[in-house]
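Here the structure is laid out as structure tokens; the discussion comes afterwards.
The values are calculated or read from the model by the stated rules, or taken from the named source; none is laboratory data. Just so you know, these numbers come straight off a predicted model, no measurement behind them. Note that each Cβ is placed from the backbone with ideal geometry, even for glycine, and that neighbours are counted across all protein chains shown.
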Amino acid sequence: MSMNLPPRPRPCLRCWFAVLLIAAAVVASFVYLGIDYSALGSAESLRLMGKFIAEFFPPDMSPDFLVKVGNGALQTLAVSALGTVLAALAGAALALPASGRAGGLPRHVARFILNFLRSVPELVWAALMVLAAGIGPFAGALALSLHTTGVLGRLFAEALENAPREPEHALTLAGAGPVTAFSYASLPIVLPQWVAYTLYRWEMNIRMAAVLGFVGGGGLGQLLYFHLSIFQQQQAMTVLIAMFVLVTLVDFASARLRRGLGPAYA
């Protein structure tokens, strides 16, 4: 008994052409950079790296310094949380016009603002905010919120564009106002995804909040920069351990929260 097999799909010439272009770009990048692989694994390089790493041990576990590191960890956590919350609120406000719900012109203006906010790195925003608000954790929180607004706003807008509009249209035809129709129809559909995106960005902002300390954003990053600048590697190692513990705890808490939203967002 013979089976009628479906015809084989035609080869995607554009796909193969794109793959070849990417492969050629990767090869050209390695050639252009001129990486010296022999120096990376040489005995002298390994000896210098080993000597540098050995200077970080043993970490400073004195009670006074641990209290200072604990305060820095709490400051870093607060900076990341505040920056993420502010960004989620601003991103949601900009996502509504960016999704095209207010017309063509507001859509282009909102998307331009979101593109600009996320194209400027957090370190640049931090340098500007230090000039505006002074050295400290508030400048770091503002810098995180500005960059993260651009990221979350675009993600929120994409979720709104992909959400079905039929439930909202049905409520509008039944006499509900636009705000009521959005709140009871579209918002419950996209809200779990919005929360999941916000939690992911919070994890990333924990790491970036530590980096922002290098430009005066406060927290663990400022401690790390200070002790590295005066060659106190053992104290710097303690700060690095605190960063690792903080990131691990936040990752665990964020994963539990996402799991509570459902399997699609865990």
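Here is how the numbers come out for the structure above:
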| read-out | value |
| --- | --- |
| Of all residues in region 69-85 being closer than 10 Å to Ala242 by Cβ and of a type outside the set (A, V, I, L, M, F, W, C), the one that is surrounded by the fewest Cβ atoms within 10 Å (Cβ to Cβ) | Gly70 |
| Those residues of region 160-180 which are part of a helix (DSSP H, G or I) and closer than 30 Å to Leu82 by Cα, in sequence order | Leu160, Glu161, Asn162, Val179, Thr180 |
| So Ala163, is it touching a helix residue (DSSP H, G or I) at 6+ places or on another chain (Cβ under 6 Å), surrounded by 15 or more Cβ atoms within 10 Å (Cβ to Cβ) and under 24 Å from Ser99 (Cβ atoms) | yes |
| Residues (outside any helix (DSSP H, G or I) and under 24 Å from Met129 (Cα atoms)) located in region 207-251 | Gly216, Gly217, Gly218 |
| Tally, over region 208-231, of residues that are touching a residue at least 60 places away in the same chain (Cβ under 8 Å) and closer than 19 Å to Met61 by Cβ | 2 |
| Output for region 114-164, where each listed residue is under 23 Å from Ser186 (Cα atoms) and charged (D, E, K, R) | Arg154, Glu158, Glu161 |
| Residue identified as assigned to a helix (DSSP H, G or I), touching a residue at least 12 places away in the same chain (Cβ under 8 Å) and over 30 Å from Gly213 (Cα atoms) among Ala139, Ala157, Ala126 | Ala157 |
| Selected residue (criterion: modelled with the lowest pLDDT) from residues of region 12-67 that are among the charged types (D, E, K, R) and under 29 Å from Gln232 (Cβ atoms) | Glu44 |
| Residue list for region 135-189, filter: in contact with a Phe, Trp or Tyr (Cβ under 6 Å, 6 or more places away or on another chain) and either among the β-branched types (Val, Ile, Thr) or closer than 30 Å to Phe226 by Cβ (or both) | Ala143, Leu146, His147 |
| Yes/no for Ala174 being under 25 Å from Ala90 (Cβ atoms) and either over 17 Å from the mean Cα position of the chain (by Cα) or buried (at least 19 other Cβ atoms within 10 Å of the Cβ) (or both) | no |
